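Report on one structure; see the data block that follows.
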Amino acid sequence: MSDGIRATIEFARPEGCPLADLSASEGATIDSVRVSVCPGDCEACVTEFSMDTACDPETDVSQIFSHGSTHRYRFTHGEGVRCPCECLGRFGCPVDRYVARDGAVTIAFYAADYDQLRNVVGALRERFPGMDIERLIRSPAGEHGQDGVFVERSRLTPRQLEVLETAYEMGYFERPRRANATEVAAALDINPSTFGEHLAAAETKILEDVL
């Protein structure tokens, strides 16, 4: 069984991405994206996508089909790496899902292993500082293996992480508890209600990754 990883990454407003720019200018949602970018320098790679509204873009985007609420478009990639899907193409990572909405882009793709994922994320972060890892899921190990879910700790604020670590170290999550909310809050020099707010926010973010 492959140890491949499915990564979902969000880009706040990736500079140079035609789909992000088009979704922002038209106030539209772009989905059903098919990308044929490939490793190496290639000027014949294309991207096809659907929009929930018809438009007449000023960029090198051409309409190839329109029927009812379905509007299909295509554009050809040029030289260099401008957008996230082109960067992924250089690494040979297949894109599973691509959605652009109001300038923000969410991409789900597959990496062969953790080393490739680390290299891809490093390249994306260098090119697009506004990216955020939403979810990482590893392939099940073995016939009866269970999905491994990666939790993106960077989603937690430093204070939320400190609250979570302190509560864990003091035994707040044990049954019976070795420390209650008042004791953990005192150790953090905050009041119990503030502790509860930070803990709830941290737990919500973690559960969003796990579930």
* Structure fact -> ASP102 passes all but one of the listed conditions (1) out of contact with any strand residue (DSSP E or B) (no Cβ under 7 Å at 6 or more places or on another chain); (2) of a type in the set (Asp, Glu); (3) farther than 22 Å from SER62 by Cα; the exception is number (3)
* Being surrounded by fewer than 18 Cβ atoms within 10 Å (Cβ to Cβ) and in contact (Cβ under 8 Å) with a residue 60 or more places away in the chain is the filter; apply it to the stretch 117-131 and report the residue that is nearest to TYR73 (Cα to Cα). => GLY130
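Test CYS55 against the stated conditions and say whether it is within 14 Å of the chain's Cα centre (by Cα) and over 26 Å from ILE206 (Cβ atoms).
On the way: within 14 Å of the chain's Cα centre (by Cα): no; over 26 Å from ILE206 (Cβ atoms): yes.
Here the answer is no, as CYS55 does not meet what is asked.
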* Please list, ordered by first then second residue, the pairs with beta carbon atoms under 6 Å, 6 or more apart or interchain, first in the stretch 174-200 and surrounded by 12 or more Cβ atoms within 10 Å (Cβ to Cβ), second aliphatic (A, V, I, L, M) and not in a helix (DSSP H, G or I). => ALA179/MET170; VAL184/MET170
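Let's see how each residue does on (1) modelled with pLDDT under 75; (2) over 21 Å from ALA108 (Cα atoms):
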site: ALA141; (1), (2): yes, no
site: GLY145; (1), (2): yes, yes
site: TYR168; (1), (2): no, yes
site: ALA185; (1), (2): no, yes
* Structure fact -> Scanning the stretch 88-107 residue by residue, the ones that are outside any loop (DSSP other than H, G, I, E, B), in contact with a Phe, Trp or Tyr (Cβ under 8 Å, 6 or more places away or on another chain) and more than 17 Å from SER50 (Cα to Cα) total 1
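The values are calculated or read from the model by the stated rules, or taken from the named source; none is laboratory data. In this text the structure is predicted, and so the values were computed from the model without any measurement. Cβ coordinates were reconstructed from backbone atoms using ideal geometry, including for glycine residues, and neighbour counts include every protein chain displayed.
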